[in-house]
Structures are given as C-alpha cells and as structure tokens.
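Working notes, structure below.
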Amino acid sequence: MIKGAIRAWKSSLPTVDRVRPPRLVGALPMKDLPFGSSDAPLRLPTLDEDWPAPDWKRRAFLAFLRNSWIFPVKDNAEAWTGADEARDTFQEVLPLGSFMARPYHHWSEMGSDAAMSRIAFAGLGALRLLPHHAAAGEDAVLAGATWVSDLSYLGAYDVRPGFERYGARAYFDEAQRPVAVYTCSGDRLVRPGDPEWAHAKWTWRCSLMVGTTVTDHLVGVHWLIGNYVTTASRVALHPTHYLRLLLKPFTWRTLTINAGACDSLCPENGFVHRASALTYPALRKAFGDSVGLLRFQTVPHMMERKGLLDRVKSEPDRYPWAADALAYYEVVLAFVREYIALYATPEEMSADPEIASLWDHLDTAPASVQFPERSPEGLILVIAQFIWSVTGLHEAVGTVHEYVLDPTYMGTKIRPGREIADVQASMQYLLIMALTGLDMPGLMEIGDAGGVFGADWRGRKAFADFHVQLAALSARVDEANRRRRADPERPWPCETFNRKHSADPFWAIRARHVRLLGIRSLHGVVESVHGCRASVGHRWLRVVAGD
C-alpha cells in the first residue's frame, strides 16, 4: 500500500513551471481532530486544489487495517541478529534512492558520548536544546551542566506491557560533553561510567525520536502552523491576491498531507499507535498536550530563548544547527519583506479586507499558539515563520530516517535491558518514514515561480532574487561544513538547512537541464526511466546535460 501511494504521489510531482496558480476560494469541508484545546479543537480541511480527495476504497482499506479484531496491536519482541541484517532488510523493502531519499549525513554510530553531543548540538536534538539553570537541592553533578535537552514530559504517558516509559533529560557541559541523563522510567540520574549509562542514552534517543514525531512534526509543523496558515490563505484570499500567490509554492498539497496524517497516523491502531509503545489513550493525550506546549515564535526569539542568539554569531561552528537555522530564516524574512513591498504599503495591508479575513481565520487556532497581534509587521513575521517551518523545520523534524537506518541508532519502543530496536518496531517506523518523507517541490527548483505568476514580473523578480540568495546561503553552508568536518573535536557538519538538498536530484535535473537544453522530447524519455532514476536514467541525463 505504501509503495503504491509513493508511486502515485511521484507520478505527478510538479516541475518548475507546473506549480500552478491558485484556483479555489471560499469555505472548505472540515474535520475535527479528536484532541486539542477545549476552546478551539484542531480542525483540518479535507479538500485540496492540488490533489484529489482520497476515494472510498483507500478509506475503507485504512479502516480495515485499523480493525482491532482482524489486526490487533500485538507487540513482538523478536530481535535482529545484527545491525547489518536490519540495514539489508530496509534496503530490500524500501530502497534508499528509490522509495526513500538518501540521508544527508553519515553516522558510523550513535551510541558514544561524542555522537550524543553531535545529536544535541548539530542534529535532531538541537531543536529542544535549552540552557540549564541550576536549582536548589539539585544533584552536585549538574553544577557543571550548561545545557539540557528535556524530553521528560513524555514520562507522564502510559506504555503497553513489556516496555519502559519514555522521558529523559540529557545534560551537557560548556564543552558540549554529556554529564548526566535523568530517566523517567528509572527515576534516577545516571552518569557516564555507571552500569546503566548506555541504556540511559538509549532512553534519551528513543524519547527524542518519539517526542519529535508526535509534538514537533505532526502537531507543530503540520496541524498547527502549516494547517492554519495554509487554510487561512485558501479560505480568505482570492486566487489572484498577492499573498495567496506568494504562499502557493509553499502550500502545495499541504491540505492533502495534513488530512492524510489524520487518517493514517493518529487514529487508534494507526501507524503511530503501533510504531510507538504508547497506549492509545496516552497517545491521544500526548497529541492534545502538545497543542498546549507549542507557541508561535520566530527563529530569533527561539535562539534568544535558547541563549544562543549571540553565541551563533560569534561561534557559529560550535552550534551548527542553530547557526544555519538562523541564517536561513534571515534569508526567508528578507524575501517576504521584498515581495510584499512590491505589492502593498503597510497602510494598504491594514485596510485590506481579505487580510482582515485571513487574521480572522488565524484567530480560530488554539489560543495557546499565540499568533502575533494584527499588524503588517505581525503578518510578515507569520508568513516568514510559516515558510521557514514548512521547509527548514519540516526538514529537521521530518527527514529523520538517517536516525533509524540502524536499529542501534534510535528506536520508538524501549525494552528493559536492550539498546537496540526490535524487528517489528524497526519496520513499523520505517514505514512511517516512507509515508512522511514524500517528495515535495524543491525550494531551489522553484526558480522565479513562473508557473504561478505568469507575466507578473514583480512576483517573478522576488522569487528569482530569493533563489539567488538561497544559492549564496548554500555556498556559505558548504564552506562552513568544510570547516566543521576539519574540527578535530567536533567534526559535525549540518546539512539540515542547506537548501540545495531540498530537491530530489532527479527532478532537479529534469526541471533545469532538460529545459535549458530545449529538448522537449526528452520529457517522455525521462518519465519512462522514472523507476531507475538513481542509476541509468540519472547518469544518462547528467551526460546529456553536460553536468
């Protein structure tokens, strides 16, 4: 089923000029998610202008798979014979380069203290990194802690029999070395050298994967900022409104993805329920609590809260994830300002009834989100943060298969005495990676967005300038990563916000080189070799294009 869904999705991926202009406006059919705040439940549209609604056969099949009588949740503890067996199996089931994109980073292992530091400062854990402030009565070992990565909120949720609870706090010193891990399941602080140290680190890594997927990816990116900004533009703005045109390349098929996650990932007996160890009442509560945990904040505010705003400017290579995230946001913010200035003054924005309607819809989000107050500047910040979130942050919290390609790296279920994912958990989460890693139009391949703007030179100019700035940013990140790899203490490159990776190489070649050659007949050939794009078709096109 998943392979078929991926094939169907990729069969109509847009090239540069096929991201079409908006065409629909007005009220949308909506569905309520079974969690959220009591005053404002999360609501998702079910009609997308870029993809047909799921037919009854798909819905019926998903309901069949969730049937407790036919397919009950039954956890199997079978272990891999080794990591190589798991890797070979993953490649056989969902090959990298075909059904799943190849990872941006190489990890030889994730069990060492050095790898733990890299995860926290240059990898998946960087989003949750915060300064540690010593408290009265705290363990003396934490006196030297400067940073904390806190996933302890997950300790409140029940798990099925045979598993340990999630929840952990990892502490790091000024030199970015781990000094302790607190585990909720053991209710104790574990130090390097303790017999439980390897298991404590495994608990933190598994908690990080589950917390990132549930809270940051599904709720934060998809069902909050991604959902509400996309829906507001779709409901409130006419298809020719300059803000609707601006958002179009960044909202492509968003409604389909959000609604699809509601049907396949979050229900009882769905993918996340089975792939995690949480009971369904606990999973449902975790989704609901995550709504209240998340606040709207710009990237500079996030870095200030982390205590990193000044540090990343003076020592960017010590904090790769944070430095690159901030640099990308600054490019996005400048682009949004330039684009809007071409179409409207602040006074015109304030008097625009469609923008007022857009704010009205944003106000239907849970109050805990706390979008900024209505103003032209507030709207600029919302749009910039939205673009950064659905591109850069989504890459950071959604493209995470590099962390589960080896069952000793991270898992989604914690078994007592084990620091390796079992066969069932590994395969279940691999399928989630495939479902949530569907290709999207590459940001560097949008170019001047001519398919959206047509003869409107203003929008095309802003997007062309954006493309130039993204290319320059990518070059700066490449140079920074060369320095980072050469660091003997912290050889930690970070490709997460390098926008050259945001496009599938096959589509990038097809969109750029084939069109520049002017050989339209190649399109049919390229389509026919779609299934072998990573091998013969890919290399052949590079030769023809002279690349």
Problem - His222 vs. criteria touching a residue at least 12 places away in the same chain (Cβ under 8 Å), under 24 Å from Leu333 (Cβ atoms) and either open to solvent by 10 Å² or more (accessible area, probe 1.4 Å) or among the acidic types (Asp, Glu) (or both) - result: yes
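Just the residues that are outside any helix (DSSP H, G or I) and either hydrophobic (A, V, I, L, M, F, W, C) or under 30 Å from Ile225 (Cβ atoms) (or both), please, taken from the stretch 391-410.
Going through the stretch 391-410, the residues outside any helix (DSSP H, G or I) turn out to be 399-400, 404-410.
Once the filter is applied, which keeps residues that are outside any helix (DSSP H, G or I) and either hydrophobic (A, V, I, L, M, F, W, C) or under 30 Å from Ile225 (Cβ atoms) (or both), the stretch 391-410 yields Thr399, Val400, Val404, Leu405, Tyr409, Met410.
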Exercise for the section: Test each condition in (1) open to solvent by 60 Å² or more (accessible area, probe 1.4 Å); (2) under 26 Å from the mean Cα position of the chain (by Cα); (3) over 30 Å from Met410 (Cβ atoms) for Gln91 and report the one that comes out false. Expected result: (3)
Problem - Residue count for the stretch 313-338, restricted to those that are in contact with an Asp or Glu (Cβ under 9 Å, 6 or more places away or on another chain) and open to solvent by less than 30 Å² (accessible area, probe 1.4 Å) - result: 3
Problem - Qualifying residue in the stretch 65-77 (condition: surrounded by 17 or more Cβ atoms within 10 Å (Cβ to Cβ), basic (Lys, Arg) and under 25 Å from Ile6 (Cα atoms)) - result: yes
Practice task
Restrict the check to the stretch 365-380 and report whether at least one residue is buried (at least 20 other Cβ atoms within 10 Å of the Cβ), among the hydrophobic types (A, V, I, L, M, F, W, C) and farther than 30 Å from Ser207 by Cα.
Solution key: yes
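In the stretch 96-111, what residues are over 21 Å from Arg415 (Cα atoms) and open to solvent by 30 Å² or more (accessible area, probe 1.4 Å)? Lay out the reasoning, then the answer.
Step one: filter the stretch 96-111 for residues over 21 Å from Arg415 (Cα atoms), giving 96-108.
Matches in the stretch 96-111: Leu96, Ser98, Phe99, Ala101, Arg102, Pro103, Tyr104, His106, Ser108.
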Fill in the blank from the handout: If we take the stretch 411-493, then helices (runs of 4 or more DSSP H) inside it with 2 or more residues that are among the charged types (D, E, K, R) and open to solvent by 60 Å² or more (accessible area, probe 1.4 Å) are 457-486
Exercise for the section: Please enumerate the residues belonging to the stretch 164-200 that are open to solvent by 50 Å² or more (accessible area, probe 1.4 Å) and under 14 Å from His132 (Cα atoms). Expected result: Arg169, Glu174, Arg177
Exercise for the section: Confirm whether Tyr171 is in contact with a strand residue (DSSP E or B) (Cβ under 8 Å, 6 or more places away or on another chain), within 18 Å of Gly123 (Cα to Cα) and not aliphatic (A, V, I, L, M). Expected result: yes
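Quick one: in the stretch 341-354, of everything that is among the aliphatic types (A, V, I, L, M) and touching a helix residue (DSSP H, G or I) at 6+ places or on another chain (Cβ under 6 Å), which residue is farthest from Leu293 (Cα to Cα)? Show your work before the answer.
To start, the set of residues in the stretch 341-354 that are among the aliphatic types (A, V, I, L, M) comprises 341-342, 344, 349, 351.
Applying the additional criterion that residues be touching a helix residue (DSSP H, G or I) at 6+ places or on another chain (Cβ under 6 Å) yields 342, 349.
Working: Leu342: 37, Met349: 31 Å.
So the residue we want is Leu342.
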Handout entry: Residue match in the stretch 58-68 (condition: more than 30 Å from Pro281 (Cβ to Cβ), small (Gly, Ala, Ser) and touching a residue at least 40 places away in the same chain (Cβ under 8 Å))
Key = no
Exercise for the section: With the condition kept exactly as written, say whether any residue in the stretch 355-370 is in a loop (DSSP other than H, G, I, E, B), in contact (Cβ under 8 Å) with a residue 24 or more places away in the chain and touching a Gly at 6+ places or on another chain (Cβ under 8 Å). Expected result: yes
Exercise for the section: Would you mind stating whether Arg274 is under 22 Å from the mean Cα position of the chain (by Cα), open to solvent by 40 Å² or more (accessible area, probe 1.4 Å) and among the charged types (D, E, K, R)? Expected result: yes
Handout entry: In the stretch 494-512, residue modelled with the highest pLDDT [restricted to those that are open to solvent by 20 Å² or more (accessible area, probe 1.4 Å) and of a type in the set (D, E, K, R)]
Key = Lys500
Completion exercise
The residue that is modelled with the lowest pLDDT, considering only those in the stretch 230-243 that are touching a helix residue (DSSP H, G or I) at 6+ places or on another chain (Cβ under 6 Å) and open to solvent by 10 Å² or more (accessible area, probe 1.4 Å), is Val235
Problem - Subset of the stretch 179-212 [under 27 Å from the mean Cα position of the chain (by Cα) and without any contact (Cβ under 8 Å) to a residue 24 or more places away in the chain] - result: Val181, Thr183
Exercise for the section: Could you check, for the stretch 80-87, whether at least one of its residues is within 18 Å of Met427 (Cα to Cα), free of Cβ contacts under 8 Å to residues at least 40 places away in the same chain and of a type in the set (Val, Ile, Thr)? Expected result: yes
Completion exercise
Of those in the stretch 59-115 that are of a type in the set (Val, Ile, Thr) and modelled with pLDDT of 90 or more, the residue nearest to Arg418 (Cα to Cα) is Thr81
Problem - Residues satisfying the stated conditions in the stretch 248-268, i.e. modelled with pLDDT of 85 or more and farther than 21 Å from Lys285 by Cβ - result: Lys248, Pro249, Phe250, Thr251
Problem - Which listed residue is surrounded by 15 or more Cβ atoms within 10 Å (Cβ to Cβ), touching a residue at least 40 places away in the same chain (Cβ under 8 Å) and of a type outside the set (A, V, I, L, M), from Arg253, Arg305 - result: Arg253
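The values are calculated or read from the model by the stated rules, or taken from the named source; none is laboratory data. It should be emphasised that the depicted structure is a prediction, and the values quoted were computed from it without experimental measurement. So basically every Cβ, Gly included, is an ideal-geometry build from the backbone, and we count neighbours across all protein chains shown. Note: areas computed on protein heavy atoms with side chains; ligands, DNA, RNA excluded. Shrake-Rupley method; radii C 1.70, N 1.55, O 1.52, S 1.80 Å.
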